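Structure first, commentary second.
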Amino acid sequence: MKTSKSIGTFEGVSADQMYREHILDHYKNPRNHGTIKNALHMHDVNSLCGDEIDMYISIKNNKISDIKFSGKGCAISQASASVLAENIKRKDIEEVTKLTREDIQDLLGIDITAMRVKCMMLSLKVVKLIIYKHLGKEMDGE
Amino acid sequence: MSIKTNFPLLNKQKNLVYLDSASTSQKPQSVIDAESTFYKTANANVHRGIYKLSAAATELYERARQTVAEFINATPEEIIFTRNATEAINLVMYSYGMHHVKAGDNVVISILEHHSNFVPWQQLCKIKGAELRVINLDKNCNLDLNHTKSLIDKKTKIVAITHVSNAIGTVIDVKHAADLAHNAGAVIVIDASQSVPHMPVDFKTINADFMAFSGHKMFGPTGIGVLVGKKQLLKTMPPFLYGGDMIHSVSISNTTWNDLPWKFEAGTPNIAGAVGLAAAIDYLKSIGMKNIQKHEQQLTDYTLNHLQKINDLDIIGNPKQRGGIISFTLKNIHPHDLASVLDSENICVRAGHHCCQPLMKTLKITATARISFHIYNTKSDIDALYAAIKKAQQVFA
């Protein structure tokens, strides 16, 4: 049988693949949720869907000594912030700036559609903005 | 025979449930054919060549204008082809607003406006030192009539209002708004993007001064839109863009402008787009605007009935009159997550702020899920939606 694949027809990501138990758990019970007084702080929004993330980071000896986040938005944006914060605590900041979209996707362990990548990447973007500002560098791209 | 068979995309993807026509509509075969036939048989530039082919292209382009004019009850010289409704509204802002609004004047809009009918007026007021006044909603998300009356005064130069809210479906009594504007000596600009594709709209009866809509929401191609303007106003307005076709004569030191409507159409226009739009109007007329409106009304009632049965689901607004647009939120499920789950069931809905951030802020929400209809939607589309929302609630339970 001849099958034709037209443009944008479909990435074949099911809801079950995108909303694994792991993601829903982090969404409902976010880790490292809250604020840190006198920490480095930045806020950003995903203007497409209104996701918001506030990140609070303390840096000691070029390592992330403490991290908390707050925000509101979709499950993907909030769960990825929780997973990210949990994962980069005590990590070297240099290492964190090298994290990519693939790394975040691996951490989350989910398949994601192209339209949702911005939701997934918002928290890493804010973390990188903080680190670059701390280092006095300009961020190049997202 | 089902209407869906007229739409190749829907006919091919039989399990696709397309509920995002307020964003853009699907295209019937007749529109796709009209554009393609134009390129295959009549393609030439308009208003230029002496040769027969150019005359044929010009004839088709101007006949398309005639078709649009008849469809909304205006004259052909009152029809200006633009890229879309956004460009049409910007044309009014630059060519009328910049020359009539002064410091101390005000422009009245409503909180329902799409960014395309919000930002141009906000920026005009900033440039001119004028005041932007925004009409609020009542508790059912109708325009607050008393507030409307209180905002329009002798200093009001422009009232710019949507006919049907793209975000929540409220239908506005634009005839009444036009009367209020005219009594104060202001002009009224109607954003008809969500009304012209779905219901009979009569430019003269509404007594609008300007009206804007996009072709792609009414089965036409993307990249073609319409500004309708009262002839006596358009005549007094300077051009929006300068270039070819919009001129009468050019010397080194001076230029005189072409007649209406070409004065406002600089450069080679979207000829095939206009031809496609005319085919779309022919298709709409073959079904009948009253029939389309009735079909969408029945579908809207059916959908509201179903949605009201779902726990933790809030429908935004309960307006006196609603177009085929329903916005809602679910407790504990962000609209984007819902849209992703629905997408995995091949159901297309819009989730987000719908280019209405000021409205979302007023309603104290960040986003909604929105479903919107056109003639090809059926009750079984809604049944699929209903089941999929239930499924989303299980995923997030």
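The values are calculated or read from the model by the stated rules, or taken from the named source; none is laboratory data. This structure is a prediction, so every number in the text was calculated from the model and none was measured. Every residue, glycine as well, gets a Cβ built from its backbone with ideal geometry; the counts of neighbours run over all protein chains shown.
Determine whether segment B:44-53 contains at least one residue that is modelled with pLDDT of 95 or more, in a helix (DSSP H, G or I), in the same structural domain as B:K217 (by TED's automatic domain parsing) and not hydrophobic (A, V, I, L, M, F, W, C). No - not one qualifying residue is present in segment B:44-53. When you check B:N332 against the structure, is it at positive phi and among the polar types (S, T, N, Q), yes or no? Judged against the criteria, B:N332 is a match. Evaluating B:T329 against the criteria (1) within 13 Å of chain A (Cβ to nearest Cβ); (2) assigned to a helix (DSSP H, G or I) leaves one unmet condition, (2). Taken over segment B:236-253, the residue count meeting the criterion of being free of Cβ contacts under 8 Å to residues at least 24 places away in the same chain, of a type in the set (G, A, S) and assigned to a loop (DSSP other than H, G, I, E, B) is 2. Of the residues making up segment A:84-106, those that are closer than 17 Å to A:N32 by Cβ and within 10 Å of the chain's Cα centre (by Cα) number 3. In the set B:L313, B:L342, B:L338, B:L307, only one residue is more than 27 Å from the chain's Cα centre (by Cα), of a type in the set (A, V, I, L, M) and closer than 30 Å to B:K364 by Cβ; that residue is B:L313. B:H198 passes every criterion in (1) closer than 19 Å to B:E113 by Cα; (2) in contact with a Pro (Cβ under 8 Å, 6 or more places away or on another chain) apart from (2). State whether one or more residues within segment B:315-325 are touching a Pro at 6+ places or on another chain (Cβ under 8 Å) and either more than 16 Å from B:T170 (Cβ to Cβ) or away from chain A (no Cβ under 14 Å) (or both). No, segment B:315-325 has no match at all.
Given the residues B:D209, B:D202, B:D259, which is the only one that is touching a helix residue (DSSP H, G or I) at 6+ places or on another chain (Cβ under 8 Å), closer than 16 Å to B:I89 by Cα and of a type in the set (D, E, K, R)? From the options B:D209, B:D202, B:D259, the qualifying one is B:D209.
Within segment B:342-356, does at least one residue satisfy the condition of being of a type in the set (V, I, T), within 25 Å of B:V395 (Cβ to Cβ) and surrounded by fewer than 22 Cβ atoms within 10 Å (Cβ to Cβ)? Scanning segment B:342-356, I find no residue that is of a type in the set (V, I, T), within 25 Å of B:V395 (Cβ to Cβ) and surrounded by fewer than 22 Cβ atoms within 10 Å (Cβ to Cβ), so the answer is no. The condition (being closer than 30 Å to B:M246 by Cβ and of a type in the set (V, I, T)) is satisfied by just one residue among B:I109, B:I152: B:I109.
Can B:A397 be described as under 28 Å from A:I112 (Cβ atoms), surrounded by 22 or more Cβ atoms within 10 Å (Cβ to Cβ) and within 14 Å of chain A (Cβ to nearest Cβ)? Criteria not met by B:A397. Per the listing B:M360, B:M289, the residue uniquely of a type in the set (A, V, I, L, M, F, W, C), touching a Gly at 6+ places or on another chain (Cβ under 8 Å) and either more than 14 Å from chain A (Cβ to nearest Cβ) or surrounded by 16 or more Cβ atoms within 10 Å (Cβ to Cβ) (or both) is B:M360. Residues in segment B:254-286 that are surrounded by fewer than 16 Cβ atoms within 10 Å (Cβ to Cβ), within 25 Å of B:D202 (Cα to Cα) and without any contact (Cβ under 8 Å) to a residue 60 or more places away in the chain: B:S286 only.
Only one of the numbered conditions (1) within 14 Å of chain A (Cβ to nearest Cβ); (2) at pLDDT 95 or above; (3) in a helix (DSSP H, G or I) is not met by B:V341, and that is (2). Restricting A:G34, A:G73, A:G109, A:G50 to residues that are at positive phi and touching a residue at least 60 places away in the same chain (Cβ under 8 Å) narrows the list to A:G109.
You will find that of B:N318, B:N377, B:N332, the residue that is more than 26 Å from the chain's Cα centre (by Cα) and in contact (Cβ under 8 Å) with a residue 12 or more places away in the chain is B:N332 and no other. Consider segment B:358-397 and keep the residues that are in a loop (DSSP other than H, G, I, E, B) and at pLDDT 95 or above. The one that is farthest from B:S195 (Cα to Cα) is B:T378.
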